[in-house]
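Heads up, the thing below is written out as structure tokens.
The values are calculated or read from the model by the stated rules, or taken from the named source; none is laboratory data. Just so we're clear, the structure is a prediction, and the values are computed from it rather than from any experiment. In this analysis, Cβ positions are derived from the backbone assuming ideal geometry, glycine residues included, and neighbour counts consider all displayed protein chains.
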Amino acid sequence: MKKILLIPSVTALALLCSPLTYGQTVVRESTTTTTAAAPMEVTGTVTEWAPGAVIIREKDVPSPVRFSFARTVEYVDTAGNRVAREVITPGAPVTVRYIRDGDQMLVDRVIVQRPLAPAATTSSETTTTTTTTVTGREAKEIEKLRGKIAHEEREVAEHPDKLKLQEELARDRAALDAIEHPRPR
């Protein structure tokens with residue numbers, strides 16, 4: 001009888017201990033290290049500027065490249081001074097610093113190349129105004145000559161072959177010029 005009791009007790013004990021030996025969990029540790037990609041820079045001309053992205057055409061590259069913006073973007077000029085985002089418009093020469101994040105290229109810094117200011121040029125212009133005072137008699141004579149010249153010009157336009165009329169017109173113009181612009185003595 002002891003044999004009969006011994007077999008079930010050994011079986012029960014084996015069943016109780018089996019999870020401890022056969023069902024052990026194996027823990028494997030794996031360490032994944034991610035290294036931040038070094039930022040890269042691209043210089044080109046802005047072809048399109050949108051709230052979430054910028055498209056830049058690089059020099060000597062046939063097709064433009066699309067960049068997305070990182071959460072924070074720094075806008076500076078070539079000297080490192082901060083500039084307003086609004087100064088960047090299509091056609092503006094820029095350098096963008098970006099990092100790759102999967103398929104995206106995230107821009108975190110935009111450097112605006114401002115065109116050099118043209119060299120300062122100085123120019124001076126001197127204007128001389130000469131005021132001639134005419135008397136009442138001269139003013140009437142000037143008015144009379146101007147009316148006569150206007151009439152003679154119409155006549156010459158209608159009859160260009162009249163040489164005497166052309167000569168008279170030339171004399172009257174010279175007389176008017178002498179009255180309006182007297183020569184100093």
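The C-beta contact set for the range 47-64 (first residue basic (Lys, Arg), second residue assigned to a strand (DSSP E or B), distance under 7 angstrom, 6+ apart or interchain) comprises Arg57/Gly44; Arg57/Thr45; Arg57/Thr47; Lys59/Gly44. Counting only residues that are within 14 Å of the chain's Cα centre (by Cα), farther than 23 Å from Ala37 by Cα and assigned to a strand (DSSP E or B), the range 81-114 holds 2 of them.
Residue check: Arg114 meets all listed conditions (1) touching a Ser or Thr at 6+ places or on another chain (Cβ under 8 Å); (2) at pLDDT 85 or above but one, namely (2). For the range 60-80, a residue qualifies if it is in contact with an Asp or Glu (Cβ under 9 Å, 6 or more places away or on another chain), surrounded by 10 or more Cβ atoms within 10 Å (Cβ to Cβ) and assigned to a strand (DSSP E or B), and the qualifying residues are Val65, Arg66, Ser68, Phe69, Ala70, Val73, Glu74.
Across the range 159-185, the qualifying residues are those that are assigned to a helix (DSSP H, G or I) and within 59 Å of the chain's Cα centre (by Cα), and the one among them that is nearest to Thr129 (Cα to Cα) is Glu180. Taking the criterion of being at pLDDT below 85 and closer than 17 Å to Thr95 by Cβ, the residues of the range 59-71 that qualify are Lys59, Asp60, Val61.
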